1. Which one of ASP302, ASP287 is over 30 Å from ASN409 (Cβ atoms), of a type outside the set (Val, Ile, Thr) and at pLDDT below 80?
2. Would you mind stating whether ILE359 is out of contact with any Leu (no Cβ under 8 Å at 6 or more places or on another chain), closer than 19 Å to GLY424 by Cα and not acidic (Asp, Glu)?
3. Does the range 184-203 hold any residues that are in contact with a Ser or Thr (Cβ under 7 Å, 6 or more places away or on another chain) and outside any strand (DSSP E or B), and which are they?
4. I need the strands (runs of 3 or more DSSP E) fully contained in the range 309-349, keeping only those with at least 1 residues that are acidic (Asp, Glu) and surrounded by fewer than 19 Cβ atoms within 10 Å (Cβ to Cβ).
5. Select, from LEU432, LEU411, the only residue that is surrounded by 17 or more Cβ atoms within 10 Å (Cβ to Cβ) and under 17 Å from ALA369 (Cβ atoms).
6. Among what's in the range 467-488 and is crowded, with 21+ Cβ neighbours inside 10 Å and not small (Gly, Ala, Ser), pick the residue that is nearest to the chain's Cα centre (by Cα).
7. Do you know which residues across the range 111-131 are surrounded by 15 or more Cβ atoms within 10 Å (Cβ to Cβ) and over 39 Å from the mean Cα position of the chain (by Cα)?
Amino acid sequence: MRRISVVIAILVALITGCTQGQKVEEGHHEETLTATVWSSKTELFMEHEEFEAGKEAEVVLHLTNLSTFKPVTESTVTMLFLPKSGDPFSIKIDTPEKPGIFKARIALKKAGEYSLKVLVQGGSSSDEIEVPDIDVVGKDHDHEKDHKHDEEEGSGGTVTFLKEQQWTVDFKVEPVSKMTLAPAFTVMGELVPATNAESTVSSSLSGVISASRPLPYIGKRVKAGETLMLIEPPVQQEGGIGQLSASYAEAKSKVVLAQKEYERAKRLYEAKAAPKKRVEEAEIALDTAKASLDPLERSMADMMNTTSGNRIIVKAPISGTVVEMDASAGKFVEAGKPLVRIMNTSTLWLKAHIPATEIGRLKSIDTAAFTIQGIDEEFRPKRVVTESDMVDPKTRTVPVIFEVGNPNNLLKAGMFTNVAIKTGRAENAMALPEEALFEDEGRFFAFVQHEGESFERREVRTGAKDRGHVHITDGLEEGERVVTKGGYYVKLASQSTKLPDEHAGHAH
């Protein structure tokens, strides 16, 4: 708590520090005027005493680089005053008094309306900024009347946040612009292998894994039909090729004997020397023998294609990557035991569970995108594989499966994702970064910049969110400049007990 108090004290000092000097100048009753102009590269905030023909006036220029929102340094500044008639007047300021602050005392001889060009020269900060409507009054001008008018027209809700303060924090102001928003809600998802995209390879017979051939390893990419390993026949007959051959020969003999018995029973029945029951029993025995022989015949046919000598050849049934391996050279394996798991990840499935309460908001289920923590990229599914017609009674969600392309193998099965399901589209919507908004008792507001150091706390109405931006439905006009970074410091300044007069000037 003590550390927090110290930090708050420092921030308050930062906000109010420059206002102490302003109080000194208030006693002079010299009118200070301001002007703010933005070019594409630079913000010019100018403070100056009223220009009176033949009389010196102090001018203070604050130049901010809009790409960094830091003060312009290492530049020279030329101020070129252009009257509507008569000769121009120029003055060059070689160095800033402080970073970003250029001062000059200027005496314009002739009263009238001028325009001002500020030429900034030096490296990337080079720029030309035009300030229109500079008034130079005559000696008989009524100052008191204008000063009284200013007091009556002064803004009551202005928040002052000085340039010296802006430059020392992470600060940024941007014009309100329009963009296309696609509101979405987010659910968790998981990448899983597609159906028929993974296969577990087992040994068809018992044996010993041969050491004569290098075995595959986890992460190895294999092609369909590629030889993975060889299995030598076991020392004992059980479960090996010898037992298969013996079982096949025995089953084949039983079929031959059953066939002969069936034919004999049929002849005897036709000669009326045996009952029909004997024929039926012989037929059943023949069918049973054939049923026992069929799988053995298929196994023997497979052995003809997957054996080399007496060794079993284990081949990859699909193309993909070896993701599991339970085999080592010289290890005895039993028939049917899994050896290798292969997964083809060129296409994955994305499983997402959409809350039942959000189903009604969906206009198109295939307008989805997903991100993965640690990968700076947004991915889009290729299509919807299936959408359940039932709500899961436990989670109250609707399971949806998307197909996801993975040509670069960047995505891995088992990764968790954040899936954004888009629910619509708003064209030409005014939007602000979420960081620009502040909430106060359920209402949202932003800080609008009127001049270089003058801001207004503006209440706004918000709509849907999309990719870190919020739709502003009311409260702002396109082109108004809003604090998008560092608004917290402006908020602190707005909460200070006394807001300094925006025309009071600085004690630099």
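1. One residue alone meets the criteria, ASP302.
2. yes
3. ALA194, ALA197
4. Filter on the range 309-349 gives 320-325.
5. Values: LEU432 fails: under 17 Å from ALA369 (Cβ atoms).
Exactly one residue qualifies, and that residue is LEU411.
6. Top of the filtered list is VAL470.
7. Result: ALA111, GLY112, TYR114, SER115, LEU116, LYS117, VAL118, LEU119, VAL131.
Conditions tested, residue by residue: (1) touching a Phe, Trp or Tyr at 6+ places or on another chain (Cβ under 9 Å); (2) more than 24 Å from ALA197 (Cβ to Cβ); (3) outside the structural domain of ALA197 (by TED's automatic domain parsing).
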position: GLU387; (1), (2), (3): no, no, no
position: THR395; (1), (2), (3): no, yes, no
position: VAL400; (1), (2), (3): no, no, no
position: GLY414; (1), (2), (3): no, no, no
position: MET430; (1), (2), (3): no, yes, yes
position: ARG443; (1), (2), (3): no, yes, yes
position: GLN449; (1), (2), (3): yes, yes, yes
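The values are calculated or read from the model by the stated rules, or taken from the named source; none is laboratory data. The model shown is predicted, which means the values in this text are computed figures rather than measured ones. Don't worry about glycine lacking a Cβ; one is built from the backbone with ideal geometry, like all the others, and counts go over all protein chains shown.
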